[in-house]
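These notes concern the structure reproduced below.
The values are calculated or read from the model by the stated rules, or taken from the named source; none is laboratory data. All values derive from a computational prediction rather than experimental measurement. Please note: Cβ atoms are built from the backbone with ideal geometry, for glycine as well, and neighbour counts cover all protein chains shown.
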Amino acid sequence: MRAFSITDIGERRRVNQDYVFCELNTIGNLPNLFIVADGMGGHNAGDYASRFCVEFFTKQIRESNQTSPIVMIEEAIKKTNEKLYEKSREEVDLEGMGTTFVLATIFGKEMYVANIGDSRLYVISKELRQITEDHSLVQAMVKTGELDKDEAREHPNKNIITRALGVNEDVEPDFFEVDLEEGDIILMCSDGLTNMLEDDTIERIIRENADDLQTATDILVKQANENGGKDNIAVIIVKV
């Protein structure tokens, strides 16, 4: 298994609020761990939220005695959410902060995924499949038939998310179990990538550079910035 990760501030932002964690080796009782977090909040609160959550979460994983990956991840997410929410209540400058949080861990040919917010995880095998579902206002409107996918991409409220880590006392992540095959490629990213590039463009770039993950990530970031770079960009690519 190989992996490469990158974050980029983009063309419009002054602070990079995206944060990634990419570890191919054992961390606690997990064989590997990959995380993308996209922070939100004024001043440096979003930057603080994403970094804090990744660091606090990985500490919980390292210290956990659980052997079930789902139980371990769920407990660590709950503790991380409680701690960030507590900090946002204690410090005025951090009030209202939060972060998206998508993570994956791979056991052989099985991948466990947890998601909160609108950062995404895709699997590229015979085709590109979006595994996670955005917790966003426009996605809710797509599900009820008020918008189609093309309208959702251009909607003025497309950045409003309905679920985030640290915003409320409790949070409920979505969990997914995905069967993998040799050669499958996993893409994890913030909306700074998916708002700037169509899925078919993302898939083409990754397939054309499947043997060089660093080049693939570099091209994705470069093209997202050339298309406007309106937000921070975070990308992790893992090849099974």
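Descriptive notes on the structure:
- Selection of first residues in the stretch 36-59 that are under 22 Å from Val235 (Cβ atoms) and of second residues that are surrounded by fewer than 24 Cβ atoms within 10 Å (Cβ to Cβ) and acidic (Asp, Glu), restricted to Cβ pairs under 6 Å at least 6 apart or on distinct chains, gives the following pairs, ordered by first then second residue: Gly39/Asp47.
- Lone qualifier among Ser50, Ser64, Ser68, Ser5 - being among the polar types (S, T, N, Q) and in contact with a Ser or Thr (Cβ under 6 Å, 6 or more places away or on another chain): Ser50
- Entry remark, the stretch 99-135: residues being assigned to a loop (DSSP other than H, G, I, E, B) and either among the hydroxyl-bearing types (Ser, Thr, Tyr) or closer than 17 Å to Val240 by Cβ (or both) number 9 in total.
- Of everything listed in (1) under 16 Å from the mean Cα position of the chain (by Cα); (2) surrounded by 14 or more Cβ atoms within 10 Å (Cβ to Cβ), the single unmet condition for Ile206 is (1).
- Whenever a residue of the stretch 110-137 is over 14 Å from Val36 (Cα atoms) and aliphatic (A, V, I, L, M), its partners that are in a loop (DSSP other than H, G, I, E, B) and modelled with pLDDT of 95 or more, lying with C-beta atoms within less than 8 angstrom and at least six residues away or across chains, give the pairs Met111/Leu180; Val123/Ile131; Val123/Leu180; Val123/Asp184; Ile124/Asp184.
- Residues of the stretch 74-116 satisfying the condition of being closer than 17 Å to Leu165 by Cβ and under 15 Å from the mean Cα position of the chain (by Cα): Ile77, Gly98, Thr99, Thr100, Phe101, Val102, Leu103, Ala104, Val113, Ala114, Asn115, Ile116
- Residues in the stretch 176-198 that are of a type outside the set (S, T, N, Q), surrounded by 14 or more Cβ atoms within 10 Å (Cβ to Cβ) and under 17 Å from Ile131 (Cα atoms): Phe176, Val178, Leu180, Asp184, Ile185, Ile186, Leu187, Met188, Cys189, Asp191, Leu193.
- Here the stretch 9-40 is the region considered, the condition is being touching a Gly at 6+ places or on another chain (Cβ under 8 Å) and farther than 16 Å from Thr99 by Cα, and the residue that is surrounded by the fewest Cβ atoms within 10 Å (Cβ to Cβ) is Arg12.
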